[in-house]
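Q: So that we are looking at the same thing, I have put the structure below in structure tokens.
The values are calculated or read from the model by the stated rules, or taken from the named source; none is laboratory data. Source: prediction; values computed, not measured. Every residue, glycine among them, receives a Cβ derived from its backbone with ideal geometry; neighbour counts consider all protein chains shown. Heavy atoms of the whole protein, side chains included, go into the accessibility calculation; ligands, DNA and RNA do not. Shrake-Rupley method; radii C 1.70, N 1.55, O 1.52, S 1.80 Å.
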Amino acid sequence: MNAQSTDIATYNFAYLDEQTKRMIRRAILKGIAIPGYQVPFASREMPMPYGWGTGGVQVTASIIGPDDVLKVIDQGANDTTNAVSIRAFFKKVAKVDVTTETAKATIIQTRHRIPEQPLTAGQVLVFQVPIPEPLRFLEPRETETRKMHALEEYGLMHVKLYEDIAKHGRIATSYAYPVKVEGRYVMDPSPTPKFDNPKMHRSPALQLFGAGREKRIYAVPPFTDVVSLDFEDHSFEVQTFDQPCALCGAENVYLDEVILDDHGGHMFVCSDTDHCEKRRADGHHGHLAPETHSASGKMEPAE
Amino acid sequence: MYVAVKGGEAAIANAHRLLADRRRGDRAVPALRLDQIVEQLALGVDRVMSEGSLYDRELAALAVVQARGDMIEAIFLVRAYRTTLPRFGYTNPVDTGAMQVERRISATYKDLPGGQVLGPTFDYTHRLLDPELAAGADVETPAQRPVEAEAMPRVSTILAHEGLIEADGEMPLDHVPGDITREPLQFPMARDIRLQALSRGDEGFLLALGYSTQRGYARNHPFVGEIRIGEVELELDVPELPFAVPLGSIRITECQMVNQFKGSAKVPPQFTRGYGLVFGQSERKAMAMALCDRALRAGELGEDVVAAAQDEEFVISHSDNVQATGFVEHLKLPHYVDFQAELDLVRRMRAEYEARENEDRPEEKREAAE
Amino acid sequence: MTDEPLLRVSALSKFYGSRVGCENVTFDLWPGEVLAVVGESGSGKTTLLSCLSTRLLPSSGTASYRMRDGQWRELYRMSEAERRFLMRTDWGLVHQNPADGLRMTVSAGANVGERLMAVGDRHYGRIRATAVDWLSRVEIDEDRIDDEPRAFSGGMRQRLQIARNLVTGPRLVFMDEPTGGLDVSVQARLLDLLRGLVTDLGLAAIVVTHDLAVARLLSQRMMVMKDGRVVESGLTDRVLEDPRAPYTQLLVSSILQV
């Protein structure tokens, strides 16, 4: 082989070979059949590092077809670097249409958020999961946690919540808040803020979870019960914000805090950039919105 | 006025252009050719092949250059390529007894059939920087003993004649070796699976764990029964043909560690083994692997599991440097949604704390006044 | 007392390879009865306890337990799920070293409350009130409820372990040298407490100990084991006053003389 030739390494279409996709689809189907159960799968090395969405990318790569329209978000935003990178990856290897609009997407791959706009039947939400095991920080051993799931021994999970209340007067878990799926498996919803937990409950969309490094896939089929764990007298509650989005004036949405200066000045804006832009295009205004703001609302950083 | 500024496609593309520029460096310096890397940085290439689990010197050399010499990045590149390759089949087990040996040493016997063969080793070199090398001085032609006609028996085979060492692990007859690149890892795992994971495990991690067993964290009294480095033939069974088809040869390093064992209720006192095998030439890695393999057999041999090196879930879950580097480095990714949630929680808890303090304070004042 | 035993053990043996753990042990345990299993280390008493508490599977023999619904179930034919459920509801297991039976890094309250949460109690206030009640029953101050057992003395840890086991109202408790490793004065207080609890709650218990004083204080009946076999059994008072087997005579004389 000529050492300097350019065809020294070639990649299969859509990166994963078809055998691998079949294997992953089988895992997904099993996950759908047993909601909330973590299905082990032979995760592949991906061209992005473990921990950067390799599970989500493998799931997306296995289910995506030529007619699909893909949206990728990270922290709720379309334009964060990792979202841009993953979107570019699929544009290159699968040649599918991509979008930033929630409503137009058939597949939405996400890290840490669920879009504000309610999802509809036929859409698939693919979560990137770093640690799929909700019991992992209570019990580090896989052999033991697997047994706990099998025997439905979830008392330890409530021990953690009990400790929170005893120590802090409230449940001090603000993201990756554990849920029980269809009354059986306790599941980690991935590190989404607990604000998004209620959106998972009976969602018309299919929710798939991929953990590449930990080699697990799990799923919440459409219209499945997803209940956040709590106590009768300390019930689950989501974060609330004291003010609406400074740009679009939206209430009851998740907000990012943006530092404006170095004297503690800050503002709160929608974490879901698509939702915010839509609202502004529809004429909604927050108190800090520029008068002549363009709908895109973003600027590339200077070099 | 606030304008959202977030990383965009252009910024990423520009960052990668800058990376390409820095990778090339000073254009007045000739670019490295892959054959130069294959020939002159051969052990680095070997490590990339071994931990990348792909035996291809040229690709490994390309990965080294592309990664600017960052070995874990190079290993990552090779892995991400390897995983896309279709699987045609599995070769027959390699017979290391029939190896074309270039180096073979034993620490347990002064002399043995086939003899001690030092081969190309750093051992006994004085680690003095050599200015002549920098000047590109000519190198003498090496003198090598002619290769022995008959193969060198492995030390483990010699010991086995006397029943002094355990046999090769017994697997059920219908046991099919696993493949960690095709099946999900599950704990507890069979030794064949564990050895595969160790063989592609991070050299530094295994070295540190192996070292820890020597310092008393699960001591297992090792002797280097044998280390051998050389070429072995690969053969593939093809259903249509009545004989195995030779595919070529690869260079590997094998280490058989011989460990003391006092015996148990079921087994008479005898030596046990730790096994290491890696692509290319890497004694350090093969030895560390053998130490870890032996430590991880604690359960099987009825020893107490007291140290990290004996803990299968701990060792195997953390030995893969591609996984490790990905997860450690993912902390660079934005986490502001979760951070916002924590920020909110801490603010609320602080507000409650301050409210309690303020309630308590009037009483304190009163007490002080009294 | 009902006319049926709680536990029936028949010809139970456990071998480790060719070595005997315990051999051919047969006995019945009645509701509310405390049985002491006495012997020196290596006598097989701990192996027996491990088999009875299903942490170890015997080589042969059977053990049947009368469930709360009156049904007899054979322990070694139950699924792991059933055994684990039994273990956290109707049974208790008190380890010699409290660290083996407690979660050392969660609070005393959560240690006591865990079993309640494991069986589905989801009311924080009620769980906490029950924990407070149980802490007081084992003489631990209420204001220690949010402290971790790491900060407790050995005697307190052992009492906490007992509370953690008894909170679900078990009918049978296994105890492995419950006073081992404690100072003599602490031992006396713990034994007093245990005796009170066992009587008040009508608990059946199997107590493994090398200490005849523990057997005398806690148990109505005792079994003496040597080399894996039961060499003598009977009412505790009778065995201690009138030991029949030579080994028991030796044991009793050597200890009572001290």
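Q: Would you compute, for the Cα atoms of region C:161-258, the largest minus smallest coordinate along each principal axis and list the three values in descending order, in whole Å?
A: That gives 42, 27, 23 Å along the principal axes, largest extent first.
Q: Restricting to DSSP loop positions (anything but H, G, I, E, B) with no more than 15 other Cβ atoms inside 10 Å of their own Cβ, which GluC sites (Glu not before Pro) remain in region A:96-173? If you can, show how the numbers build up before the last one.
A: Values: sites: A:Glu101, A:Glu116, A:Glu142, A:Glu144, A:Glu152, A:Glu153, A:Glu163; in loops: A:Glu101, A:Glu116, A:Glu152, A:Glu153.
In loop regions of region A:96-173 (DSSP not H, G, I, E or B), the sparsely surrounded GluC sites (Glu not before Pro) are A:Glu101, A:Glu152.
Q: Check A:Phe231: other-chain or 5+ apart residues with amide H under 5 Å from its amide H, H built from backbone geometry?
A: Those qualifying (amide H under 5 Å, at least 5 residues apart or on another chain) are A:Phe236.
Q: Could you tell me the total accessible area buried at the A-C interface, probe 1.4 Å, in square angstrom to the nearest hundred?
A: Protein heavy atoms only, the A-C interface buries about 1800 Å².
Q: Something else about it: Of the DSSP beta bridges with both residues in region C:65-207, give the percent that are antiparallel, rounding to the nearest 5.
A: 20 percent
Q: Report ³J(HN,Hα) in whole Hz for each residue of region A:56-66, in order, from the Karplus equation J = 6.51 cos²θ - 1.76 cosθ + 1.60 where θ = phi - 60°; Gly and Pro get x.
A: Values per residue, Gly and Pro as x: x, 5, 5, 5, 4, 4, 7, 9, 6, x, x Hz.
Q: Would you list B:Arg33, B:Arg348 from the most to the least accessible area, probe 1.4 Å?
A: The ordering from most to least exposed comes out as B:Arg33, B:Arg348.
Q: Averaged over its residues, how many other protein chain Cβ atoms are within 10 Å of peptide B:319-332's Cβ atoms?
A: Per residue, the average neighbour count from other chains is 5.
Q: If each DSSP helix of 4+ residues adds -39,500 (n - 2.57) and the sum is divided by the residues in chain A, what number results at 222 nm, nearest 500 deg cm²/dmol?
A: -7500 deg cm²/dmol
Q: Is it possible to state the helix-based mean residue ellipticity at 222 nm for chain B, with each DSSP H run of 4+ residues giving -39500 (n - 2.57), the sum divided by total residues, to the nearest 500 deg cm²/dmol? What is it?
A: Helix-only estimate at 222 nm: -12500 deg cm²/dmol.
Q: Moving on. Full-extension gain between A:Glu257 and A:Ala121, please, as 0.36 nm times their residue separation minus the C-alpha to C-alpha distance.
A: Length gained, A:Glu257 through A:Ala121: 45.8 nm.
Q: Collect residues whose amide H, placed 1.01 Å from N in the peptide plane, falls under 5 Å from the amide H of B:Leu236; neighbours closer than 5 in sequence don't count.
A: Residues meeting the amide H criterion: B:Asn92, B:Val245, B:Leu247.
Q: Next up: Over the Cα atoms of region B:9-62, what is the Rg over Rh ratio if Rh follows Kirkwood? List each step's numbers first, then the result.
A: Working: Rg = 14.2 Å, Rh = 12.8 Å.
Rg/Rh for region B:9-62 comes to 1.11.
Q: Further question on the same structure: Give me the dipole magnitude in Debye, nearest 20, for chain B about the Cα centre, with unit charges on the beta carbon: positive for Lys and Arg, negative for Asp and Glu.
A: I would put it at about 620 debye.
Q: Now a separate question. What accessible area, summed over both chains, is buried at the A-B interface (1.4 Å probe, Å², nearest 100)?
A: 6000 Å²
Q: So how far apart, in nm, are the two label points at C:Ala129 and B:Leu343 if each is 7 Å from Cα heading toward Cβ?
A: Here the modelled spin labels are 4.1 nm apart.
Q: Next up: Expressed as a whole number of Å, what is the distance separating the alpha-carbon centroids of region C:15-66 and region C:92-137?
A: That distance is 28 Å.
Q: Please list, in order along region C:53-63, the HN-Hα scalar couplings obtained from phi with the Karplus expression 6.51 cos²θ - 1.76 cosθ + 1.60 (θ = phi - 60°), rounded to whole Hz, x for Gly and Pro.
A: Ordered by residue, 3J(HN,Hα) equals 8, 6, 7, 9, 8, x, 6, 7, x, 9, 9 Hz.
Q: In square angstrom, what is the accessible area per residue of region A:152-252 with a 1.4 angstrom probe?
A: 34 Å²
Q: Considering only Cα-Cα distances, which of the following residue pairs are longer than 18 Å: A:Lys91/B:Lys332; A:Lys199/B:Lys332; A:Lys71/A:Lys104?
A: The pairs that break the limit, which is 18 Å between Cα atoms, are A:Lys91/B:Lys332; A:Lys199/B:Lys332.
Q: If the only charges are +1 at each Lys and Arg Cβ and -1 at each Asp and Glu Cβ, what is the size of the charge dipole of region C:103-169 around the Cα centre, to the nearest 20 debye? Provide the component values of the computation, followed by the final result.
A: Numbers: 11 positive and 10 negative charges, 57 e Å.
With Lys and Arg at +1 and Asp and Glu at -1, about 280 debye.
Q: Another question, then. Please give the net charge around A:Lys71, taking every other residue with its beta carbon less than 14 angstrom from that of A:Lys71, where Lys and Arg add +1 and Asp and Glu add -1.
A: Working: positive: A:Arg87, A:Lys91, A:Lys104, A:Arg111, A:Arg113, A:Lys278; negative: A:Asp68, A:Asp74, A:Asp79, A:Asp97, A:Glu101, A:Glu116, A:Asp272, A:Asp274, A:Glu277.
So the environment of A:Lys71 carries a net charge of -3.
Q: For the pairs C:Lys14/C:Lys45; A:Lys21/A:Lys180; A:Lys21/A:Lys92; A:Lys30/A:Lys180, flag any whose C-alpha to C-alpha distance is greater than 21 Å. Each step should come with its number before you reach the end.
A: Working: C:Lys14/C:Lys45 11 Å; A:Lys21/A:Lys180 29 Å; A:Lys21/A:Lys92 18 Å; A:Lys30/A:Lys180 18 Å.
In this structure, A:Lys21/A:Lys180 lie more than 21 Å apart at Cα.
Q: Please identify every one of the GluC sites (Glu not before Pro) in region B:259-325 that sits in a loop by DSSP and has no more than 11 other beta carbons within 10 Å of its own beta carbon. Write out the running numbers ahead of the final one.
A: Numbers: sites: B:Glu283, B:Glu300, B:Glu303, B:Glu312, B:Glu313; in loops: B:Glu300, B:Glu303.
Those satisfying the criteria are B:Glu300.
Q: Would you mind getting the accessible area per residue of region B:10-82, heavy atoms of the protein chains only, 1.4 Å probe, in Å²?
A: Result: 52 Å² per residue.
Q: Still on this structure, please answer the following. For region C:158-258, give the share of DSSP beta bridges that are antiparallel, in percent and rounded to the nearest 5; count only bridges with both residues there.
A: Rounded to the nearest five, the antiparallel share is 55 percent.
Q: For the protein assembly as shown, give the percent of accessible area contributed by carbon and sulfur heavy atoms, probe 1.4 Å, rounded to a whole number.
A: So the carbon and sulfur contribution to the accessible surface is 54 percent.
Q: Now for a different question. For A:Leu260, which sequence-distant residues (separation of 5 or more, or a different chain) have an amide H within less than 5 Å of its own amide H, given hydrogens modelled in the peptide plane?
A: HN-HN under 5 Å from A:Leu260: A:Gly265, A:His266, A:Met267.
Q: Just to verify a number: FRET efficiency for C:Ser60 and C:Asp147, C-beta to C-beta distance, R0 = 45 Å, to 0.05?
A: 0.45
Q: Across the residues of A:250-263, average count of Cβ atoms on other protein chains within 10 Å?
A: Mean inter-chain Cβ contacts per residue within 10 Å come to 2.
Q: On to the next question. For region A:179-260, compute Rg over Rh where Rg is the Cα radius of gyration and Rh is the Kirkwood radius from the inverse mean 1/r over Cα pairs.
A: So for region A:179-260, dividing Rg by the Kirkwood Rh gives 1.04.
Q: Okay, next question. For region C:72-84, take each phi angle, set θ = phi - 60°, evaluate the Karplus expression 6.51 cos²θ - 1.76 cosθ + 1.60, and give the result in whole Hz per residue in order, putting x for glycine and proline.
A: 8, 10, 7, 4, 7, 9, 6, 6, 4, 4, 5, 5, 5
Q: Also: Provide the packing ranking of C:175-187, B:98-110, A:271-283, i.e. peptides ordered by the mean count of other C-beta atoms within 10 Å per residue, highest first.
A: Averaged packing, sorted descending, gives the order A:271-283, C:175-187, B:98-110.
Q: Sticking with this structure for a sec: Considering only DSSP beta bridges with both partners in the protein assembly as shown, what is the antiparallel share in %, to the nearest 5?
A: Antiparallel: roughly 65 percent of the beta bridges in the protein assembly as shown.
Q: Let me ask something additional. Which of C:Tyr65, A:Ser235, C:Trp91 sits closest to the plus end of the dipole of the protein assembly as shown, meaning its Cα is farthest towards the positive end, when Lys and Arg get +1 and Asp and Glu get -1 on the C-beta?
A: The residue sitting most towards the positive pole is C:Tyr65.
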